[in-house]
Amino acid sequence: MCQSCRSVAPREKLELSPEDILDFTHSKYQKELLRFREPHFAFWEITHSCNLRCSHCGLAAGKPKSDELNTEGALALIDNISESDTRVLMILGGEPLLRKDFLEIAEYAGRRFELAVCTNGVLIDREYANNLKEAGIWVMGISLEGATAKTHDSIRGAGTYEKAVKGIENCLEAGLQVCVMHTVSRANIHELPDLLKITQDFDINCFEVMDFLPFGRGENISDQTLTKEQRKWMCGYLAERRFRAESPVVSLPDDPFWSITYNEEFMENCFDPYSDVMVIGDAGGILNYGIKPNGKVIPFPTLRIEIGDLKEKPFREIWRNSETIEKLREREALQGKCGRCEYKFVCGGNRGVGYYYSGDMMAEDPRCWYEPSLR
């Protein structure tokens, strides 16, 4: 559910200055931009409606919005984006399964994309799990916020842990692939290793981590935001597991920093101008984009600047004519610590976070623990 890293052959250690790293990765970054003129991954918030009131919800989801697309509009949107380079569609909420037409939409989309769904899991009984399988869904992402019911329920509501676990079991029994989705905060970071073990015990090979951000309802618990030291530990811990190919495979789609902690040998191959290995960190506006329930396009779910309306224009026209997208791809324009960092072409910081804290999408990401070597 995220861009995968290519294999790396053993090699001698490089001795590169920060200026070398910046120059070589800049050249590679430009090549990646040419490869990805259009994004491959779409994140579609199909409804604002939700049956839970999770304390960390970035959308403060609850009641549906009055301008959400109806069935006809949703199917037209699928046709629209299917004419682009979009290959993977992840349907989000709110809680997407609350839509009465969800299975119809999923079946229609599943014939055009690799289809993933992100859900709290509490509505998935055996019969519905089989219906999801028949709809052609590639993978179900189900949220667990801790290794214990006490921790999970304190975030998502009483009894939700047991229901989510049952939802996972029903999906697995139906033959669906499952990815455990987890938002890390100060309230649950201590349970991360145990939650990985639970995922492994389920024989699930996918674990996706989101860093808690004080958006939406999360503004009420902003003190649960990870410290820089906690984020550094989390990224290093998960990167090391991934390098050792430990199951489950871990990804951090919203967190560009983990690439610089991934593995020294891997990063040296990114810096090496003679190697084709490269990561680009924050992929919003390059590999990924988001869609609101009303059909408005945004660069990424964390960067909620509207750039066009799929009810009015083809996605390709929106994307290629967007000044916001053009600016996002110009990392030379990054400001503050991100702007002077030698790793900006393999990281770039999270543009949505920069925008949230400063009102400028090119501002530095204040969560970063790394101090750049360039001035």
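The values are calculated or read from the model by the stated rules, or taken from the named source; none is laboratory data. Fair warning: this is a prediction, and the values are worked out from it, not measured in the lab. Methodologically, a virtual Cβ is constructed for each residue, glycine included, from the backbone with ideal geometry; neighbour enumeration extends over all protein chains shown. Note: areas computed on protein heavy atoms with side chains; ligands, DNA, RNA excluded. Shrake-Rupley method; radii C 1.70, N 1.55, O 1.52, S 1.80 Å.
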- Query: Of these, P273, P253, which one is in a loop (DSSP other than H, G, I, E, B) and within 17 Å of the chain's Cα centre (by Cα)?
  - Reply: P253
- Item | Subset of segment 145-171 [crowded, with 17+ Cβ neighbours inside 10 Å, of a type in the set (A, V, I, L, M, F, W, C) and over 20 Å from S251 (Cα atoms)] | I155, A164, V165, C171
- Does segment 306-327 hold any residues that are surrounded by 17 or more Cβ atoms within 10 Å (Cβ to Cβ) and part of a loop (DSSP other than H, G, I, E, B), and which are they? I307, L310, S322
- Within segment 245-269, which residues are open to solvent by 40 Å² or more (accessible area, probe 1.4 Å) and at pLDDT 85 or above? A245, E246, S247, V249
- Matching residues in segment 109-119 - criterion: being open to solvent by 10 Å² or more (accessible area, probe 1.4 Å) and either within 23 Å of L195 (Cβ to Cβ) or in a loop (DSSP other than H, G, I, E, B) (or both): R111, R112, F113, C118
- Query: Do any residues in segment 26-50 that are closer than 25 Å to R340 by Cα have Cβ atoms under 8 Å from those of residues that are of a type in the set (K, R), where the two are at least six apart or on different chains, and which pairs are they?
  - Reply: Y29/R331; L33/R329
- Index of the failed condition, C347 passing every other in (1) under 20 Å from D23 (Cβ atoms); (2) over 22 Å from the mean Cα position of the chain (by Cα); (3) assigned to a loop (DSSP other than H, G, I, E, B): (2)
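Residue-wise test of (1) within 21 Å of L176 (Cβ to Cβ); (2) touching a helix residue (DSSP H, G or I) at 6+ places or on another chain (Cβ under 7 Å); (3) modelled with pLDDT under 95.
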position	(1), (2), (3)
I189	no, yes, no
P193	no, no, no
K197	no, no, no
F202	yes, yes, no
F207	yes, yes, no
R217	no, no, no
S222	no, no, no
